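All remarks here apply to the structure that follows.
The values are calculated or read from the model by the stated rules, or taken from the named source; none is laboratory data. Small disclaimer: the values here were computed from a predicted structure and weren't measured. Please note: Cβ atoms are built from the backbone with ideal geometry, for glycine as well, and neighbour counts cover all protein chains shown. These accessible areas exclude ligands, DNA and RNA; they are computed on the full protein's heavy atoms, side chains included. Shrake-Rupley method; radii C 1.70, N 1.55, O 1.52, S 1.80 Å.
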Amino acid sequence: MPMTRRGAIGLAASVTSIPAAIAATSDTATNKTAHLFPGEEVIHVNGYPSLIRFQPSSGVGPLVVFVPGTSFLARIAYGYPGGRSTDFLSHWLVEAGFPFLGTSYPLDNPVYAVRYPAFTITDWAQQVAGAARRTIDANRLGNKIIVVGWSMGGKIVEKVAQAARTAGLDLTLFVALDALPPGLNLFPGNAEQFKLAPNGLVDQSTSLLPWFDSMVELQGRINGHPIMSAADLRQLFTGNPPLDLQGEAARYRDGRIVQDVAAAMQDGGGTDYGQYPPIALIVSNGAADYPNVLLCRGNWALCLGQGLYRRQVYPHRDRIPALAAQRWDALQAIFNGAVQRLTIQVAGTHFLFLGEIGARATAAAIAALAQRSAETEKNIASLIA
């Protein structure tokens, strides 16, 4: 049953610590279904459901919020009852001292009773921020978060930064995990194969899902054991997604695909560079994932550099002409090497974080990039001060 309007499912009592625009509430009825794994919960933000799972940590790191890519629930980062916990990213983040929150947008999977083909990137970003705010308040975690956007999950970077600020959160770092930034036509061949299923969601059964099957199987071979069966992957982790989350000019409108560049750009916020948070990249190295391996750094370089410039340089631009030559050279060097310093490559496929080898390495990379990003911002500020 497709729904296209906010508020399709009634809200429970409001969470008063969250601004009304992104208030998150629990869905008691859905939580009684047999489709949820232990520790999972379905909440609502602005009337849209989100499957979430929180895992506490004894460490003092900020909350890491995982945002899945096209066709996936966040289970791909925290696993399932039949799997090994060590094969999944959340296990190693918690071990490293970071509490973990997996957030899943509404797609065509049994955990969601209703379909939402008109769900947008803006809705998605508000959902992520609302879930983070709710989790932080419930567990007294402080207001700092790191958002990890995998694959299509990179599309929310600018909008989730805005939503986080509205929620009173400090988004200290956005980690683009083999991800796409906002913008059109950054993954050639993707938009050309869009077609809608009868419920209005994007039918991925013959396009991306077979590729996902092969990538997960390869990750299993890398780790020396199967991580999940193809049947479990399809039934427990995936589903057809809303079209607008792809961030392309192809948009969902009244049950059909239309081309609307202006709507796509407004929804993704790709050129509103002043809104971007600090950014770092984790990229795979496998030839099977060649589009991301070859394009990620270039795709994100503009966003990363613009963010550094607008946060650290532009507010103090009157000081730049007076910089000593040595400081000016050092400032140039930081900008010229920023993408390289703020990128870590992890061996594997597009699912590089799946399986113990990649999951452990990805968790370590997130921790290292958080430190590198903070140092980069501090070094620029000290040169200009």
Most to least packed among 157-168, 109-120, 289-300 [average Cβ atoms within 10 Å]: 157-168, 109-120, 289-300
What are the membrane-span-like helices in the chain by this rule: whole DSSP H runs, Cα extent along the axis at least 18 Å, mean Kyte-Doolittle hydropathy at least 0.0? 208-223, 290-308, 356-384
So, how do all the Cα-to-Cα distances of region 259-313 break down into 10 Å bins, in percent, from 0 on up? 22, 37, 33, 8
Can you report the principal axis dimensions of the chain using only the alpha carbons, biggest first, rounded to whole angstrom? 65, 48, 45
Within the set of other residues whose C-beta is less than 12 Å from the C-beta of Ile334, count the net charge using Lys and Arg as +1 and Asp and Glu as -1. +1
The percentage of the accessible area of region 217-336 (probe 1.4 Å, all protein chains present) made up of carbon and sulfur atoms, to the nearest whole number, is 53 percent
Within region 138-163, find all residues whose amide N lies under 18 Å from a label point positioned 7 Å from the Cα of Asp272 along Cα-to-beta-carbon. 154-163
Can you tell which of Gly168, Gly305, His44 lies farthest toward the positive end of the dipole of the chain, using +1 and -1 charges on the Cβ of basic and acidic side chains (Lys, Arg; Asp, Glu)? Gly168
Can you pull the one-decimal nm distance between simple spin-label points at Val60 and Ala385, each 7 Å off the Cα toward Cβ? 2.1 nm
For region 101-239, with the dipole built from +1 on Lys and Arg beta-carbon atoms and -1 on Asp and Glu ones, taken about the Cα centre, which of Thr238, Ala113, Asn223 lies farthest toward the positive end? Ala113
The local net charge around Pro181, scoring Lys/Arg +1 and Asp/Glu -1 for residues other than Pro181 whose Cβ lies under 15 Å from its Cβ, equals -2
Value of Rg to Rh for region 151-264 (Rh from inverse mean 1/r over Cα pairs, i.e. Kirkwood): 1.02
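Full-extension gain between Ala322 and Arg310, please, as 0.36 nm times their residue separation minus the C-alpha to C-alpha distance.
Details: separation 12, 0.36 × 12 = 4.32 nm, distance 1.88 nm.
My answer for the length gained is 2.4 nm.
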Averaging 1/r across every pair of distinct alpha carbons in region 102-167 and inverting yields a Kirkwood hydrodynamic radius, in angstrom, of 12.8 Å
Compute the signed sum of charges (Lys and Arg +1, Asp and Glu -1) over the other residues within less than 11 Å, Cβ to Cβ, of Asp244. -1
With label points built 7 Å along Cα→Cβ from the Cα atoms of Ala197 and Arg221, find their separation and express it in nm. 2.9 nm
Euclidean distance between Cα centres, region 53-92 to region 104-123, Å: 20 Å
Would you mind computing Rg(Cα) / (2.2 N^0.38 Å) for region 246-385, counting N as its residues? 1.29
From DSSP H assignment alone, runs of 4+ in the chain each adding -39500 (n - 2.57), the sum over residues rounded to the nearest 500 puts [θ] at 222 nm at -10500 deg cm²/dmol
